[in-house]
Each structure stands twice: as C-alpha cells, then as structure tokens.
1. Within segment 67-92, restricting attention to residues that are farther than 19 Å from Q139 by Cβ and of a type in the set (A, V, I, L, M, F, W, C), which residue is surrounded by the fewest Cβ atoms within 10 Å (Cβ to Cβ)?
2. Where residues in segment 132-167 are part of a loop (DSSP other than H, G, I, E, B) and open to solvent by less than 40 Å² (accessible area, probe 1.4 Å), which of them is nearest to H49 (Cα to Cα)?
3. If I go through segment 168-198 residue by residue, how many of them are in contact with a Ser or Thr (Cβ under 9 Å, 6 or more places away or on another chain) and outside any loop (DSSP other than H, G, I, E, B)?
4. Collect the residues in segment 136-150 that are under 12 Å from L114 (Cβ atoms) and either among the polar types (S, T, N, Q) or in contact (Cβ under 8 Å) with a residue 60 or more places away in the chain (or both), keeping them in residue-number order.
5. State which residue pairs qualify: first residue part of a helix (DSSP H, G or I) and inside segment 102-121, second residue of a type in the set (V, I, T) in any location, beta carbons under 9 Å apart, and separation of 6 or more residues or different chains.
6. If you take the residues in segment 46-56 that are of a type outside the set (A, V, I, L, M, F, W, C), open to solvent by less than 10 Å² (accessible area, probe 1.4 Å) and without any contact (Cβ under 8 Å) to a residue 60 or more places away in the chain, which one is nearest to L169 (Cα to Cα)?
7. Report, ordered by the first and then the second residue, all pairs with beta carbons closer than 8 Å, sequence separation of six or more or different chains, a first member in segment 71-100 that is closer than 22 Å to S18 by Cα and part of a loop (DSSP other than H, G, I, E, B), and a second member that is open to solvent by 10 Å² or more (accessible area, probe 1.4 Å) and at pLDDT below 95.
Amino acid sequence: IRNTVTSGGPSYGISLQSISNASGLRVVNNFIYEVIGYGNNSNELNNGHGIAVLTGGGYGVFHNAINLATNQTTAGISSAMYVGSSVGGTLNVRNNIFSNRQTTGIRYGLYCQLTNAVFSSINYNNYFANGFVGFLGTQRVNIGNWQSATGQDGNSVATNPIFVSATDLHMQLISPMNDQGTPIAGVTSDIDGEIRSL
C-alpha cells in the first residue's frame, strides 16, 4: 500500500477506527508489508504504518507479522504499529512481530502517543527496528527501555525474526521466533490454517 501524496499523506496496512471503546474487535494472523507513505517528518500520523489504531478500543492484536522494508519518498516517521492520541479504550497486543527495516527517517517498531495504561496486556512481541524499539512518552532505544516504559512485555524481544523474504513473512527454521508465543484463546491455527504449537 503506497500513498504518493506529496504533502505527506498517511498509509496504513490495517486501520482501526471503531466508535466503541469496548469494540471486542480482533486483528489476527495477518502478514503486512510494503506499507509506504510519501513521508512527513513533522506529523507522525501522516506516514506509513503497518497497523494504525486511531479511535475506539477494546482491540486484540494477535499473531501478526509486519515488515516495513522500503523507504518512504522523503524521510519521515514510520512504525510497524501506531497508536494515536484519540484511542479511548485499551489494547491487548501479544504474539506479534513488529519489524521496521527502513533506512531513512525515524523508524519505530511501535509508536504510541498515549501512556502505558492503553495496554491492558502487551507481551510476547518482537520489536525489530532499524531505529528505535518504540515511542512511549519518549524514544525507547532498546527492549529494556521499552519494558520499563510499558511496565509489561517481560517476554518480548528485539531480534531479527528471519523472515523467508521481505514479502514472505513466514519464518525460516532458524528463526528465534519459532515457538516463542503464548496461547491466545480462540486462535488455534495460523495464517495457513495450520495448528499452532503455541
């Protein structure tokens, strides 16, 4: 997904904008890649983000693999997952790979404009960014900084997931992410319909 608007228009792989703060919506088993905005370095919203949570809440974000590997036209602010300031409910974010391999602009695994209270649960994620692990109040440079900021994420990591390719987000056999998740009720199969080991 590409937005070539030169004023720096946004581009999102998945956008969550419920009017309910307790929507109960779940985003599960997605491969998201090549999401590119034109680039805007003064407004983080107007860039490319893999998953953008803009309004509402009560969302479950589970077992998604996101890989941003192509630079925006101009250096801006990008993230594999973006949480905006108008989100009124909470998020449950587990078993995701947030990979941002862009090489220009300011790059984040997860960018959150709110406090850590927005996360009812956040754990077992991989924040692999060619920049910052995340933004939560300020830039978080490594997984330890991020865990301190969230007060959670004790089982999360910041390591190369070793995808098959930039657009095939299956993991190679040598990936450190294999069998590293946690069981999620109601999510027993993966994107290929195969039974999950965890």
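The values are calculated or read from the model by the stated rules, or taken from the named source; none is laboratory data. Predicted model, so just to flag it, every value in this text is computed and none were measured. Here Cβ is always computed from backbone atoms with ideal geometry, including for glycine, and neighbour counts include all displayed protein chains. The accessibility values were calculated without ligands, DNA or RNA, using every heavy atom of the protein model including side chains. Shrake-Rupley method; radii C 1.70, N 1.55, O 1.52, S 1.80 Å.
1. Filtering segment 67-92 down to residues farther than 19 Å from Q139 by Cβ leaves 67, 69-71, 73-74, 86-92.
Restricting the remaining residues to those that are of a type in the set (A, V, I, L, M, F, W, C) gives 69, 87, 91.
Working: A69: 17, V87: 22, L91: 21.
By that ranking, first place goes to A69.
2. Result: P161.
3. Residues that pass the stated criteria total 1.
4. Listed by number, the list holds a single entry, T150.
5. Cβ pairs passing all conditions: N116/I122; N116/T150; A117/T90; V118/V53; V118/V83; V118/V87; V118/T90.
6. Within segment 46-56, the match that is nearest to L169 (Cα to Cα) is G50.
7. Every condition considered, the pairs that remain are G84/L45.
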